[in-house]
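> Here it is, the structure in full.
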Amino acid sequence: MKSLLFIILLFSVCTICTSQVTILVNKGRFISVAEAANSEEKINFFDRDLSDDRACTESFAAMELAGFLPEATKISKEEIKFASGGLPDKGHVFIIGSRLSNPLIKKFPDNAKLDNEQSYSIRSLIEKGRVITIIEGADRIGSLYGVYRFLEELGVKFIGLGAKGTVFPGSPAELPSELNITENPSYLTRGFYTWNDRRTDREFFLWMARNKLNYWTAQEQPV
């Protein structure tokens, strides 16, 4: 009886460990992934130092992934953590970034051709009973777009603004374990060529980013 109880407890512990999710992303010089993700006002995106640019965009991508996973899968927000460095021994793993920002990606070779900074590849595999998903961008923008493309695989769609415009799968999705996706944009500029500058709120721009749109208005904005 004691042996049976021990086996049950051991199985429960292993199940908990396997359900944990680690998102590996380079937060750069910032204290946390959350700080890096919200540091756009502190960064000069026009200087030659691209490390903080990448940390900001890729950390934001990691935060987006962490925010939507509990809505689309059986993974709870308490089971998700951020880290950098090597692979953890247990639990599902997401690796986000480019070969310029996240050295761990080089440990998972891929022959996909990424044409420009908006390109990305998504690949997943089973290792030690857990799913490892690599979302690799040619650079920071591709990493962000790759996360949104992965969310599409889970059944998440951004058809409108905010929570009301976000569609989730009818039932919790399983983490895909055999993904092999490479996408290069046919058009580098996608968006709205308009002289109307009134719609400049964060919710609208977030909707654009989630749909991989990157251009809004030809009208000169006031400095």
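The values are calculated or read from the model by the stated rules, or taken from the named source; none is laboratory data. Every value quoted in this text rests on a predicted model; they were computed, and no experiment measured them. Every residue, glycine among them, receives a Cβ derived from its backbone with ideal geometry; neighbour counts consider all protein chains shown. Areas reflect the complete protein model, heavy atoms only, side chains present, ligands, DNA and RNA absent. Shrake-Rupley method; radii C 1.70, N 1.55, O 1.52, S 1.80 Å.
> Once amide H atoms are placed 1.01 Å from N in the peptide plane, what residues at a sequence separation of 5 or more from Arg190, or on another chain, have their amide H within under 5 Å of its amide H?
Distant-sequence amide H within range of Arg190: Asn214, Tyr215.
> Per the Kirkwood formula on distinct C-alpha pairs, the Rh of the stretch 122-223 is how many angstrom? It would help to have the intermediate numbers written out before the result.
Values: mean 1/r = 0.0637 Å⁻¹.
That comes to 15.7 Å for the stretch 122-223.
> In whole Hz, with x marking every Gly and Pro, tabulate ³J(HN,Hα) for the stretch 153-159 from phi via Karplus 6.51 cos²θ - 1.76 cosθ + 1.60, θ = phi - 60°.
Once θ is set to phi - 60°, the couplings for the stretch 153-159 become 5, 7, x, 8, 10, 10, 8 Hz.
> Can you run phi through the Karplus equation (6.51, -1.76, 1.60; θ = phi - 60°) for the stretch 174-179 and list ³J(HN,Hα) in whole Hz, with x for Gly and Pro?
Values, residue by residue: 8, 5, x, 10, 9, 6 Hz.
> Oh, and also: Please identify the longest segment of the chain free of exposed chymotrypsin sites (Phe, Trp or Tyr not before Pro), where exposed means a DSSP state other than H, G, I, E or B and no more than 13 other Cβ atoms within 10 Å. Don't skip to the end; give the middle numbers.
Working: sites that count: Phe45, Phe46, Tyr187, Tyr193, Trp195.
Between exposed loop sites, the widest span is 47-186.
> Which value does Rg/Rh take for the stretch 94-173 over its C-alpha atoms, Rh per Kirkwood? Write down the numbers at each step before the final one.
Numbers: Rg = 14.1 Å, Rh = 13.7 Å.
With Rh from the inverse mean 1/r over Cα pairs, Rg/Rh is 1.03.
> Angle check, please: helix 51-72 long axis (alpha carbons) against the longest principal axis of the chain (alpha carbons), in degrees 0 to 90, nearest 10.
The answer is roughly 60 degrees.
> Over the chain, average the accessible area per residue using a 1.4 Å probe and give it in Å², no decimals.
On the way: 12900 Å² over 223 residues.
For the chain, the solvent-accessible area averages 58 Å² per residue.
> Return one quarter of the surface area of the convex hull spanned by the alpha-carbon atoms of the chain, equal to its mean projected area, in nm².
Working: hull surface 59.6 nm².
If you wrap the Cα atoms of the chain in a convex hull and average its projections, you get 14.9 nm².
> Of all accessible surface on the chain at a 1.4 Å probe, what whole percent is carbon and sulfur?
On the way: 7160 of 12900 Å².
Carbon with sulfur: 55 percent of the solvent-accessible area.
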